[in-house]
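K.L.:
Dropping the structure in here first, questions after.
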Amino acid sequence: MLRVGLTGGLGSGKSTVAALLRSSGAQVIEADALGRMLMEPGQAVFSNIVERFGPEVVAADGRLDRARLAQIAFGLGRVQELNAIVHPATIALQREKMAEIFARDPRAVAVVESALIFEAVRDARARGEEESLVAEWRRRFDRIVVVTAPDELKVARYAARVSPSGPKREAAAAEARVRLKHQIPDAEKAPQADYVLENAGSLQALEAQVRVLWERLEAESNKTGQSLSLE
């Protein structure tokens, strides 16, 4: 078994890397998808968010107005409050999903795709949770992969994804820059990683890096006679 954390800033291309790893045979767990599920009505995370941020973050259909919630969290400096609700629950669910994967296949490579692996640690420690599972990523992952790219390229990618053209693209670029300010720079993440993928070039160049990465991860997962778990 091998527990892999795949991370990178907004627009870095980590979702593309996750897709390539999935097609190679990795079992990919998407943190964003788990977070969205936990934010659905009826979930404790949903109730806690509404209690903390007020009814204005609930849309007409009874679900969270994610755009409005993001405006409040990023615009009013309340990201830490939101993360304190979402991160612990999401990480607990990640562990459950990993356990299910390894029960089916003890030699699997389970990859958690998450933009905020290091940020979750930073925020937990800022809240004084030094001993919590959230505050120590090495208790959750055997290997960390960081996908890097220049910030302006990240901004351009995000803006193009949100709005390929038109006036909304400028707004999307501005939003990307605000979000990046809340994320730890690549220069700080890369030295902590086991593998760094540079995604400033072509898709073909990224694919070549992922092929090499997958060979190494698969080899590590298939090792016998030793445990790679760091718990």
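K.L.:
Scan region 47-68 and give yes if some residue there is among the aromatic types (F, W, Y) and touching a helix residue (DSSP H, G or I) at 6+ places or on another chain (Cβ under 7 Å), otherwise no. Steps first, please.
P.N.:
First, the residues of region 47-68 that are among the aromatic types (F, W, Y): 53.
Of the ones still in play, those that are also touching a helix residue (DSSP H, G or I) at 6+ places or on another chain (Cβ under 7 Å) are 53.
Looking through region 47-68, at least one residue is among the aromatic types (F, W, Y) and touching a helix residue (DSSP H, G or I) at 6+ places or on another chain (Cβ under 7 Å).
K.L.:
Filtering region 131-140 down to residues that are modelled with pLDDT under 85 and surrounded by 15 or more Cβ atoms within 10 Å (Cβ to Cβ), which residue is farthest from Q209 (Cα to Cα)? It would help to see each step written out before you state the result.
P.N.:
First pass over region 131-140, keeping only residues modelled with pLDDT under 85: 131-139.
Now drop any that are not surrounded by 15 or more Cβ atoms within 10 Å (Cβ to Cβ), which leaves 132-137.
On the way: S132: 34, L133: 31, V134: 29, A135: 29, E136: 27, W137: 24 Å.
Per the criteria, the residue is S132.
K.L.:
Taking region 98-130, which residues are among the acidic types (D, E) and open to solvent by 40 Å² or more (accessible area, probe 1.4 Å)?
P.N.:
Matches in region 98-130: E100, D105, E129, E130.
K.L.:
Quick check on this structure: which one of L76, L6, L34, L2 is over 14 Å from the mean Cα position of the chain (by Cα) and under 29 Å from Q209 (Cβ atoms)?
P.N.:
Details: L76 fails: under 29 Å from Q209 (Cβ atoms); L6 fails: over 14 Å from the mean Cα position of the chain (by Cα); L34 fails: over 14 Å from the mean Cα position of the chain (by Cα).
So the residue among L76, L6, L34, L2 that is over 14 Å from the mean Cα position of the chain (by Cα) and under 29 Å from Q209 (Cβ atoms) is L2.
K.L.:
Confirm whether R143 is surrounded by 15 or more Cβ atoms within 10 Å (Cβ to Cβ) and without any contact (Cβ under 8 Å) to a residue 60 or more places away in the chain. Can you show your working first?
P.N.:
Details: surrounded by 15 or more Cβ atoms within 10 Å (Cβ to Cβ): yes; without any contact (Cβ under 8 Å) to a residue 60 or more places away in the chain: no.
In short, no.
K.L.:
Filter region 190-217 for residues that are open to solvent by 70 Å² or more (accessible area, probe 1.4 Å), among the charged types (D, E, K, R) and touching a strand residue (DSSP E or B) at 6+ places or on another chain (Cβ under 7 Å) and give the result.
P.N.:
Correct list: E198 only.
K.L.:
Restricting to region 172-189, give me the number of residues that are surrounded by 15 or more Cβ atoms within 10 Å (Cβ to Cβ) and of a type outside the set (V, I, T).
P.N.:
At the first step, the residues of region 172-189 found to be surrounded by 15 or more Cβ atoms within 10 Å (Cβ to Cβ) are 172-173, 175-177, 179-180, 182-184, 186, 189.
Then drop every residue that is not of a type outside the set (V, I, T), which leaves 172-173, 175-177, 179-180, 182-183, 186, 189.
Qualifying residue count, region 172-189: 11.
K.L.:
Here is a further query. I'd like to check something: does region 149-171 contain any residue that is open to solvent by 40 Å² or more (accessible area, probe 1.4 Å), modelled with pLDDT under 90 and touching a Pro at 6+ places or on another chain (Cβ under 9 Å)?
P.N.:
no
The values are calculated or read from the model by the stated rules, or taken from the named source; none is laboratory data. Being a predicted model, the structure only gives us computed values, none of them experimental. Here the Cβ is made from the backbone with ideal geometry for all residues, glycine too, and neighbour counts use every protein chain on show. Only protein heavy atoms, including side chains, enter the accessible area calculation; ligands, DNA and RNA are left aside. Shrake-Rupley method; radii C 1.70, N 1.55, O 1.52, S 1.80 Å.
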